[in-house]
Structure formats: C-alpha cells, structure tokens
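A short write-up of the structure that comes next.
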Amino acid sequence: MKKECISLQHISKEFNGNLVLKDVNAVLHQGEILGFLGPSGAGKTTTIKILTGQLKPTDGQAYVLGINCQDIDETIYEQIGIVTDVSGVYERMSVYDNLKYFAKILNVPLDNIDILLKRVGLYEHKKKLASQLSKGQIQRLILIRAILHTPKVLFLDEPTSGLDPTTALEIHKLLKELKTEGMAIFLTTHNMEEATKLCDHVALLNEGVIVEYGTPQDICLRYNKEKKYKILKNDKKEVLLIHTEENIKVLNQWLMDDEIISIHSCEPTLESVFLEVTGRELQ
Amino acid sequence: MKTIHINKLLAIIEVKGKALFSKNFIIMPIFSLGMTYIMKLAYGSISKEIDMTGYYLSMGVLMNVCMTGVYCVAACLAEEKEKNTLRTLMTSSVNGLEFFLGSLIPVVLLMVIVNVLCVFIAGFSMTITEWLCYVAITTISSIIGAVTGMIFGIFAKNQMSAGTMTTPVLILFMLIPMFSHLNEIIETISNYLFTGVIMNFINHVTTKVTLTNPLELGVLFLEFILTVILFLVLYKKNGFEAN
Ligand SMILES: Nc1ncnc2c1ncn2[C@@H]1O[C@H](COP(=O)(O)OP(=O)(O)O)[C@@H](O)[C@H]1O
Ligand SMILES: [Mg+2]
C-alpha cells in the first residue's frame, strides 16, 4: 500500500457566509498526481491554501503527510513545495541568486541548483535578472524553486495557465518524471487535456462541490452511455455512427469493402463530462 | 518562542543586506551623509566663531534614523508583499522571528555605520566616554526607527503606500527636535521623542554640561519597549500582512 500524502475529509470553507467548498473529500498517494479540475472560482486555490496551512477550513479535516493542516507550523514547508499564481520572485536578483537564497534557507546543497536549471532548460539564463524573464521562464524558475529540496508533496496551482504549449509540455514532462521519482503531486487546472494526460485521479470541482472523482478514464467511461464512432471514408466523407445493431452491419460492410480510411471511437472527454454534469463550460 | 535557524537567518540577512544597496533604498543613508556634509559647507563658511558641528551631526543622524530606519524598513517590507516574496518565504519554512531579525540586522548595522560616519563628516569631537554613549544612544534609536518601520510595513500594501504612510511621522520625528529651540511646547514634546533625545545628547556634548539625564534615558528605554510591544501585538493580530 502506497503512503497517503494528502487526505481531505469533509472539508468545507466559508467566506463571510459564502460556502466556497462543500464536503470535499480526496486522497493523494505517494508517486501519484491528483488533479482538481474546475472553472475559475470553483475553489481550487482555496483547497490548496487549506492544505498548505494558509487558510483554516470551516469544517472537516485536512492532512498533509499525516499532520493535521490546522496544526502545521513552518517546518512542514521543508517537506512540501508550493507553486501558485502568487509565488513571487526577487526581480532585482538573478535566476541563480533567487534559487541560491531558497537553497540556503532550505539547507539544500547548491549543486542541486545547476542540475535543476539544466533539467528545465534555464541554465543558459541563470545569470539573467528575474525581471528580464518571460512568463514561461518565471514559471519554470518558480517550479524548480519549489522542488529544490525534493519535497514529498508538491502543490501546483494552475501551473501551465497562460503558458505557450511548448513550455506547458516541458512542465508536463518534468511533472511526470517527478511523479516517477515518488513525489506526490496535487495540481489544479481548468485545462481538461492537462488533467487527462497527467493525473492518476481527477476531481471535477464545480462551485465548491466535487461532482465526479476517479481516474480520468473511469470518469469518461462512466459517461460513455452511447458509443459513437467517427469514420472517414475513402471519398473523404466523415460519418458519425451511433453504436446500434443496424449501424454495425453497415460498418461491417464498409470494412469488408475496404471503404474506410480511419475509425475513431468518440468517448466523452472530461470536458464533455463536466458540461453534462454541471451545464457549464470549464474555461 | 520560535526557534531561529542560523542558516535561514544568515541567508535572509545576506539578501536583505544586498537589497538595501538597491537605488530605492541606498539613497536614504547617502542622503543623510550628504546632508551632514552640505550643512557643514553651508554653515561652516558663515560662522567661524560658533561651534556648529553638533548641529550638522544632528541633521545627519536624525535623517538617517528616520529615513533609513522608518522609511527603508517599511518600504522594504511592503515591497516583499507587493512582489509576493514574503508569502513565498513564509511557505518555504522561514518563521516570523527569522524574517524580523533578518530584515532588521542589516539595516541597523548600516545605520550604525552611517551614524558613526556622520560624526567624522561633521567634524564633531568626542571623548571615549562620549563616543560610547553616542553609539549606544544612536544605536537604540536606530532600532526604534527600524521597528517603527516594521510597524508601518505591516499596514503598507506597496512601496508607494509605505512612502505616503511614513512621511507625516518622519516629518514629526525630524522636525520637532530640529525646531525645539523655537518654543517651549515644541521643546517639551521633543524631550519625549527618541529623536529629541539624540539631539539633546549632542547638545550636551557640545556644551559639556552633562552627558545625559534620567529623563532622556527613560524616554529612550520606554520608547524602545513600546515600539517592540506594539509591533508584537500587531504582528500577533495580522502577521506581516494586515488586510
Ligand atoms: N479571501 C477570500 N475572501 C472571500 N472570498 C474568497 C476569498 N478567497 C476566495 N474567495 C471566493 O471563493 C471562491 C473560490 O475561489 P478560489 O478558490 O480562488 O477559486 P479557483 O482557484 O478555483 O479559481 C470564489 O468565489 C472566490 O471569490
Ligand atoms: Mg485559483
């Protein structure tokens, strides 16, 4: 049994009478990625703040590495890493000096810095002032700062939001590697592709309520009530076939006659599931 | 009581110390030194008979204690909030005490150095005992100034607001002692200000009447305790970030 790194038990959070999280339950195990997928305002950041001890839940219990989040002090941050949209950098300091500062604080050998800089392709920019970096470079800087001390749990609040696809892909690659190395990663996103590709488990969060929870595949299959196939025929015509006895016969005939270029099954995506459950778009 | 990790404290001191030398902040100590020098140039040529060196020195030191102490510290803390680096430090295992000391130590050191340099620039002469008293009094005043800056920093959201908030207080702290000779009420108020205590001490050395008196030491001690307590109360309530 893999170690439980995060556990949310009946978490609720109220801001001046507004319930922004309602009975949220989730677990994250070592070496896994758990994603909270939801539109803006769903309560993703609030969840991260509760888990990292920056906010107290109104109700319920949250645990990180077995410690109740209401009781954590600053020593917990030696074992967890956090990347949020408000993670700041020292603009007047170079990339390297920014990292050196935190390496010293976290008592990490300075050799780690260059290794990580190379790993995310920032090594050539190590002498640049942080104020001269692009958004994607800053995001990578913040990310490696959060993993300098190889934390057991990494929190990422919309880590690729607003980044170009190439940088997003690089970050995805790094996250997968970190996961393989045993890190537990909690990430929030409103990007369903990101959630599908990266996460072992996903919670679909809408207005503070988890409306679906499971592996991305399971969630999609649960909604796969009506199987559909998208077929491209030799005459370049695209046909959408619903799985019925009649249609299968047609399909069989086409196959035998070699009339088909490609067949795609159309399972629901997390996005379409979200739309079906909540009536809302993700973005 | 929070524990202090030396590695964290040293790292903060190093970074905060370097930050003081950025152009936003270093102008304040430079300004204080420059002011002392300009005063000396301006008055030195006018009055050759009266010893004005104490006056030049007072100007420099008061400026240093107020501008470097109150303004720089407030603006520095505000900047960390504005750029979200304070939150990042606090979620990277730094505790409040480490941040507090790491922020204060470099700035107080810089102020102490400037206070001493001002003496030489002004050409003010003191005996060993007077020197010791001078360093002690200006250092405690520097700490009072810096902690006052921290208090303002709690409420300032950014560097701009730090400037706006501290300006009236700076004027009060600096001008009241400077104009204390004009009327009795101002003089009385000045006697109860830590900046007034510095001014009085320098006058005492010049006139060679006495070094200090119990009232002045009491004021200094009380204001030191009060600012620290006020800071602690506000910090307990707000952390470094008041909403
Ligand atoms: N400090 C706060 N005070 C009051 N309301 C808040 C506060 N923080 C967040 N909220 C509200 O809680 C809801 C969830 O916010 P958040 O967790 O930031 O959503 P997300 O990160 O999913 O976009 C929003 O409606 C937001 O307005
Ligand atoms: Mg958010």
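The values are calculated or read from the model by the stated rules, or taken from the named source; none is laboratory data. Keep in mind that this is a model prediction, so the values were computed, not measured. Glycine also receives a Cβ, built like all others from the backbone with ideal geometry; neighbour counts cover every protein chain displayed. Calculation scope for accessible area: heavy atoms of the full protein, side chains included, ligands and nucleic acids excluded. Shrake-Rupley method; radii C 1.70, N 1.55, O 1.52, S 1.80 Å.
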Among helices (runs of 4 or more DSSP H) entirely inside region B:138-214, those with 3 or more residues being closer than 22 Å to residue B:232 by Cα are B:159-178
Those residues of region A:26-53 which are among the polar types (S, T, N, Q) and either more than 19 Å from residue A:71 (Cα to Cα) or more than 20 Å from the chain's Cα centre (by Cα) (or both) amount to A:30, A:40, A:45
Expected output for region A:26-43 (first residue within 14 Å of chain B (Cβ to nearest Cβ), partner away from ligand 1 (no atom under 16 Å from the Cβ) and in a strand (DSSP E or B), Cβ below 8 Å, 6+ apart or cross-chain) is none
In region B:114-129, anything touching a residue at least 40 places away in the same chain (Cβ under 8 Å) and more than 19 Å from residue B:203 (Cβ to Cβ) is listed as B:114, B:117
Expected output for region A:151-162 (first residue within 13 Å of chain B (Cβ to nearest Cβ), partner away from ligand 1 (no atom under 13 Å from the Cβ) and aliphatic (A, V, I, L, M), Cβ below 6 Å, 6+ apart or cross-chain) is A:151/A:80; A:153/A:80; A:153/A:184; A:154/A:183; A:154/A:185; A:155/A:82
The correct count of residues that are without any contact (Cβ under 8 Å) to a residue 24 or more places away in the chain, within 10 Å of chain B (Cβ to nearest Cβ) and among the acidic types (Asp, Glu) in region A:87-114 is 1
Counting only residues in region A:1-25 that are open to solvent by less than 10 Å² (accessible area, probe 1.4 Å) and over 14 Å from residue A:183 (Cβ atoms), the one farthest from ligand 2 (Cβ to nearest atom) is identified as A:7
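This table checks each residue for (1) over 29 Å from residue A:27 (Cβ atoms); (2) in the same structural domain as residue A:26 (by TED's automatic domain parsing); (3) within 16 Å of ligand 1 (Cβ to nearest atom).
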{"site": "A:156", "(1), (2), (3)": "no, yes, yes"}
{"site": "A:161", "(1), (2), (3)": "no, yes, yes"}
{"site": "A:164", "(1), (2), (3)": "yes, yes, no"}
{"site": "A:172", "(1), (2), (3)": "no, yes, no"}
{"site": "A:175", "(1), (2), (3)": "no, yes, no"}
Going through region A:233-283 in order, the residues found to be in a strand (DSSP E or B) and touching a residue at least 12 places away in the same chain (Cβ under 8 Å) are A:233, A:240, A:241, A:242, A:260, A:261, A:262, A:263, A:264, A:265
Residue count, region A:249-266, condition of a type outside the set (S, T, N, Q) and in contact with a Lys or Arg (Cβ under 8 Å, 6 or more places away or on another chain), comes to 7
Given the conditions (1) touching a residue at least 12 places away in the same chain (Cβ under 8 Å); (2) part of a helix (DSSP H, G or I); (3) open to solvent by 30 Å² or more (accessible area, probe 1.4 Å), every one holds for residue A:217 apart from (1)
Being over 30 Å from residue A:22 (Cβ atoms) and either touching a His at 6+ places or on another chain (Cβ under 7 Å) or assigned to a helix (DSSP H, G or I) (or both) narrows A:230, A:179 down to just A:230
task = Within region B:5-27, identify whether any single residue is more than 14 Å from every other protein chain (Cβ to nearest Cβ), not β-branched (Val, Ile, Thr) and not in a loop (DSSP other than H, G, I, E, B), and answer yes or no.
result = no
Being in the same structural domain as residue A:210 (by TED's automatic domain parsing), more than 16 Å from ligand 1 (Cβ to nearest atom) and aliphatic (A, V, I, L, M), is that true of even one residue in region A:58-66? yes
Heads up, the helices (runs of 4 or more DSSP H) in region A:36-145 (entirely inside) with at least 2 residues that are basic (Lys, Arg), open to solvent by less than 30 Å² (accessible area, probe 1.4 Å) and within 16 Å of ligand 2 (Cβ to nearest atom) are none
Return a yes/no flag: does region B:56-67 have any residue that is away from chain A (no Cβ under 14 Å), assigned to a helix (DSSP H, G or I), more than 18 Å from the chain's Cα centre (by Cα) and among the hydrophobic types (A, V, I, L, M, F, W, C). no
